[in-house]
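Chemist: Have a look at this one before I ask anything.
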Amino acid sequence: MTRSLDSARTRAEVRVQRFLDAATELFNSNSGKEFTVQEVVERSGQSLHSFYQYFGGKHELLLALFEESVQSAAERLGERLADEDDPLERLHSFVVEYYRICRPPYMLEASANGRAPFMAEFAQQLLTAHPKEAARVFAPVVSLFEDVLQGAAAAGAVRSGLGEGPIVGIVLEAIMFNTFSSTIGGLSARPHAGDSAEYLWDLIVHGIGTGSES
């Protein structure tokens, strides 16, 4: 009986993955533009009935795809940080690498495993309209950032207590949505403007104050 259940579970996982792979291919080939459930079904080679066995609709499909993307991003960040011992440099690496992961699809090449880019537009919709779902999906990245921030605080590189308040979410959202700042601030029109990820890091770690109080 256990073997039968395991086999059924494996078949279900394979079917779900085929839908996710189809959505990824459509997302990448259309440069992030809209696609329909029917297009996903046809690309996957499965039936519409099968699709609705696993997903309530397109939102649930995108949510699953986005959750997979976030998990992949957390793994990529973890691998990048594993080579860095200095607590402040770990924080620096997290900010810069996370910024680059979150850049809009047209500014990214497809990742090595073929997964869709980070889907920043969907992330914004999720955070605005479905905050509880967003909190669950972003948990792997939040947990990693909390660990990095606490390590920097323990080393005296940043103020203590930052991981206990809303600063974690504030910084992560600032990184994610400032990936569009090169357009808003006109950096995309300046060929020698430098790396906007490093500009953001400088703002996060130093702020814009002078360090003196009036």
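Readers should treat all values here as calculations from the given coordinates under stated rules, not as data from a laboratory. Only a predicted model underlies this, so the values are computations on that prediction, with no experimental measurement involved. Neighbour counts run over all protein chains shown; Cβ positions are idealised from the backbone, glycine included.
Chemist: To make sure I understand, if each residue's beta carbon is the centre and we count other beta carbons within 10 Å, what order do 19, 122 fall in, fewest to most?
Modeler: 122, 19
Chemist: Looking at segment 18-87, which trypsin sites (Lys or Arg not before Pro) are in a loop (DSSP not H, G, I, E or B) and have at most 10 other Cβ atoms within 10 Å?
Modeler: Sparse-neighbourhood loop trypsin sites (Lys or Arg not before Pro): 33.
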